[in-house]
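A quick write-up on the structure given underneath.
The values are calculated or read from the model by the stated rules, or taken from the named source; none is laboratory data. The shown structure was predicted, so the numbers you read here are calculated from the model rather than taken from an experiment. Methodologically, a virtual Cβ is constructed for each residue, glycine included, from the backbone with ideal geometry; neighbour enumeration extends over all protein chains shown.
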């Protein structure tokens, strides 16, 4: 059995805001002045145009990654089901970037530099093959730090398990690593759960010129922040995941993609933030492989607004 989404190449909507606590679903536009809102929309149009100009390079970039992984998996096991790309040109369903806002309330500065974010968290294994492309040059972006954070299977964020304010030192499902010389990084986490007011999603940031500390943590305010965004998944796959343990033990009320205002904004006007996925085995319990390519304006610069910091 194989689960494959029709969206082959996915760009993530830039800078959509999480809710301050479950039930407060907004995109951050209430924090902007009228002139900032106009600038935001113009910037989105410019980014979309840049990505369209890079269409063939983007399609080839992801097709190459899929083909390479397919060959590796076939050598490793006869039960592998992840296949190579079926497309050589960018699809009509693919566009990119929506306006940048903020990182939301659950970001923590200076998390760990690593490729496996799971720690002790249980849930469906999720391997993300993430490509980063500079849409100014239509070339892959090496040495870019890709940072992720998401809630666990029952809807809690590490660091915020007892409050909507920073309340503990848990670091699970947070962190990131850099892209290789080909502009690609593989990060392992769990398929996220959901919490009241938000559909299933993962947050992401892209940094360039960054540094890390001797203790293995990222220096969040070093270098330049090029991207803030969110990743989503197709509802049919979400349904399969949340039907198994430990996702079934949540007390949160589920919000579907179609009910999520941020998802709607990200996936309108030709934008698309849905990850392309395949199963790692015969069932969803065996894990999920996701592909996404993030289009980054190499001249853009954003800032982190939260004062939450990891204190290891």
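Inside region 125-157, residues that are within 21 Å of residue 66 (Cα to Cα), touching a helix residue (DSSP H, G or I) at 6+ places or on another chain (Cβ under 9 Å) and at pLDDT below 95 make up a count of 7. Using the structure shown, decide if residue 244 is buried (at least 19 other Cβ atoms within 10 Å of the Cβ), assigned to a loop (DSSP other than H, G, I, E, B) and at pLDDT 95 or above. For residue 244, the condition - buried (at least 19 other Cβ atoms within 10 Å of the Cβ), assigned to a loop (DSSP other than H, G, I, E, B) and at pLDDT 95 or above - is not met.
For (1) within 25 Å of residue 172 (Cβ to Cβ); (2) touching a helix residue (DSSP H, G or I) at 6+ places or on another chain (Cβ under 9 Å); (3) part of a loop (DSSP other than H, G, I, E, B), each residue gets a yes or a no:
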residue	(1), (2), (3)
222	yes, no, yes
231	yes, no, no
237	yes, yes, no
253	yes, no, yes
262	yes, no, no
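Please state which one of 224, 213 is exposed (fewer than 15 other Cβ atoms within 10 Å of the Cβ), touching a residue at least 40 places away in the same chain (Cβ under 8 Å), within 24 Å of residue 176 (Cα to Cα) and touching a strand residue (DSSP E or B) at 6+ places or on another chain (Cβ under 7 Å). Just one listed residue meets the conditions, 213. Quick check on region 276-290. Is at least one of its residues surrounded by fewer than 22 Cβ atoms within 10 Å (Cβ to Cβ), in contact (Cβ under 8 Å) with a residue 12 or more places away in the chain, part of a helix (DSSP H, G or I) and touching a helix residue (DSSP H, G or I) at 6+ places or on another chain (Cβ under 7 Å)? Yes: one or more hits. Residues in region 95-120 that are modelled with pLDDT of 95 or more, surrounded by fewer than 20 Cβ atoms within 10 Å (Cβ to Cβ) and in a loop (DSSP other than H, G, I, E, B): 110, 114, 115, 118, 119. In this structure, is residue 275 under 21 Å from residue 134 (Cβ atoms) and in contact with a strand residue (DSSP E or B) (Cβ under 9 Å, 6 or more places away or on another chain)? So residue 275 fits the description; yes. Taking the criterion of being under 22 Å from the mean Cα position of the chain (by Cα) and in a helix (DSSP H, G or I), the residues of region 53-66 that qualify are 55, 57, 58, 59, 60, 61, 62, 63, 64, 65, 66.
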